[in-house]
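Structure record follows, encoded as structure tokens.
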Amino acid sequence: MGTTRYDIRIGSGVLPATDWEDAQSVLLVSDANVAPLHGERIRAHFAGAGLRVEHVVVPAGETSKSTDAAHQIYDGALAAGLDRRGIIVALGGGVVGDLAGYAAATFLRGIRYVQVPTTLLAMVDSSVGGKTGINLAQGKNLVGVFHQPIEVVADLDMLVTLPAREYVAGLAEVIKYGVIWDKALLDLLEKNVDQLLARDGALLAGIVARCCAIKAEVVARDEREHDLRAILNFGHTLGHAIENAGRYAGPLHGEAIAVGMVYAAQLSVRHADLPLPDFDRLRALITAVGLPVALSALPSSGGAQQWSVLRAAMTVDKKSVAGRPRFVLATELGAARPGYELPDDALEETFNALD
Ligand SMILES: NC(=O)c1ccc[n+]([C@@H]2O[C@H](COP(=O)([O-])OP(=O)(O)OC[C@H]3O[C@@H](n4cnc5c(N)ncnc54)[C@H](O)[C@@H]3O)[C@@H](O)[C@H]2O)c1
């Protein structure tokens, strides 16, 4: 993105290219869940094209966005004899994508990498845009670098093995794109909830392509329209606070974002003239796909997160300015504006009104 161009290929059974200039070695990176399900097919694909392939498997889960796991990849890269012409292939969800992308950005001061996203979230969000990184004990994504992949290959068949809870969590980001940019996408989702939940391939192909196109357009326009990219964070101010308060071991990202979107939409009704029927529509869609709309409905949150805890978490969020959280609000379905700073009493009052 930006001035770098790369292909995003989406479809049933699509495979990465193998004819990269000069490449002789590939380091495949995946996690302990994805490797046994999809690793061999991708390994055999590269090996069949005459490339040398080594496979590094990191533990599944957020804890693998760590310096230890990055070192595991550097060790694997050296053992595989990867030089500057080598390619890292990130086969997995956002964790593997962020980690392997970070390792590719830093190994030998930067080598090429391919994103093969295997979760819905990774297909519509994390594999596109070039943000890579790892976590520190003090917080998420505190170390990272922009490094664009040379290709993103989303094989929708891989979603078949994704646990239902992970799949539904990914739908939160899909809904977000509709709210901030594309009302027609929301219409499509509303009309096809059953097929969506059945992971209908043809429907998903269109939806994933649309989400990637929206992310690419927003990020590209950000260079001209200052801070436009921030609209991608609709629902994320409270969502991140919920994740942080749960020490990233509670609700999934998409579940926290779903509640955060309901909150942001309620703020939008009060402070950005979002029509109340639009709020109701959004809330109904979030419910229809099986996502939570209230803190009390969040799995493993204890159901009782307090405003003071969440408000404190917002203060330390990377996107706060001088401790003041900034909100993205929707002015109508399909349009959003970033940068709203609202008084604390208004934030708390709206929070208390969420049920
Ligand atoms: N770089 C970005 O722009 C960006 C954007 C959004 C999120 N992220 C990051 O993405 C991460 C979350 O990504 P995620 O939600 O994909 O989580 P994840 O990578 O942890 O995957 C979720 C779970 O599903 C399993 N899994 C993945 N694909 C599977 C498949 N096809 N079949 C069966 N199991 C499968 C994984 O092993 C894991 O247990 C976070 O670290 C977040 O910070 C990055």
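The values are calculated or read from the model by the stated rules, or taken from the named source; none is laboratory data. Just so we're clear, the structure is a prediction, and the values are computed from it rather than from any experiment. All Cβ positions, glycine included, derive from the backbone under ideal geometry; neighbour counts span all protein chains shown.
Can you tell which of Val153, Val168 is under 22 Å from His38 (Cα atoms), crowded, with 19+ Cβ neighbours inside 10 Å and in contact with a Lys or Arg (Cβ under 6 Å, 6 or more places away or on another chain)?
Numbers: Val168 fails: in contact with a Lys or Arg (Cβ under 6 Å, 6 or more places away or on another chain).
The conditions single out Val153.
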- line: Going through the range 83-142 in order, the residues found to be within 8 Å of the ligand (Cβ to nearest atom) and in a strand (DSSP E or B) are Gly92, Pro117, Lys131, Thr132, Gly133, Asn135, Lys140, Asn141
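Which helices (runs of 4 or more DSSP H) sit wholly inside the range 251-342 and have at least 1 residues that are touching a His at 6+ places or on another chain (Cβ under 9 Å)? Spell out the reasoning first.
Details: elements: 253-271, 276-288, 307-315.
Correct list: 253-271, 307-315.
Of everything in the range 40-69, what is assigned to a helix (DSSP H, G or I) and either within 11 Å of the ligand (Cβ to nearest atom) or under 23 Å from Glu243 (Cα atoms) (or both)? Give them in sequence order.
So the first thing to find is which residues in the range 40-69 are assigned to a helix (DSSP H, G or I), and the list is 40-48, 62-64, 67-69.
Passing the criteria: Glu62, Thr63, Ser64, Thr67, Asp68, Ala69.
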task: Consider only pairs whose beta carbons are under 6 Å apart and that are at least six residues apart or on different chains; among these, list those whose first residue lies in the range 176-190 and is of a type in the set (Ser, Thr, Tyr) and whose second residue is outside any helix (DSSP H, G or I) and crowded, with 23+ Cβ neighbours inside 10 Å.
output: none
statement: Note on the range 133-163: residues out of contact with any strand residue (DSSP E or B) (no Cβ under 7 Å at 6 or more places or on another chain), over 26 Å from Leu15 (Cβ atoms) and in contact (Cβ under 8 Å) with a residue 40 or more places away in the chain are Gly139, Lys140
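Okay, residues lined up against (1) under 21 Å from the mean Cα position of the chain (by Cα); (2) at pLDDT 95 or above:
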residue	(1), (2)
Ile286	yes, yes
Gly290	yes, yes
Ala297	no, no
Gln305	no, no
Val309	no, no
Lys318	yes, no
Arg324	no, no
Leu329	yes, yes
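Give the range 201-219 a look and list any residue that's closer than 14 Å to Ile231 by Cα and without any contact (Cβ under 8 Å) to a residue 60 or more places away in the chain, or say none. Before you say what the answer is, go through the steps one by one.
Within the range 201-219, the subset closer than 14 Å to Ile231 by Cα is 211, 214-219.
Matches in the range 201-219: Ile214, Glu217, Val218.
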- prompt: Just checking, how many residues over the range 181-228 are in contact with a strand residue (DSSP E or B) (Cβ under 7 Å, 6 or more places away or on another chain), modelled with pLDDT of 95 or more and either among the aliphatic types (A, V, I, L, M) or on the phi > 0 side of the Ramachandran plot (or both)?
  reply: 3
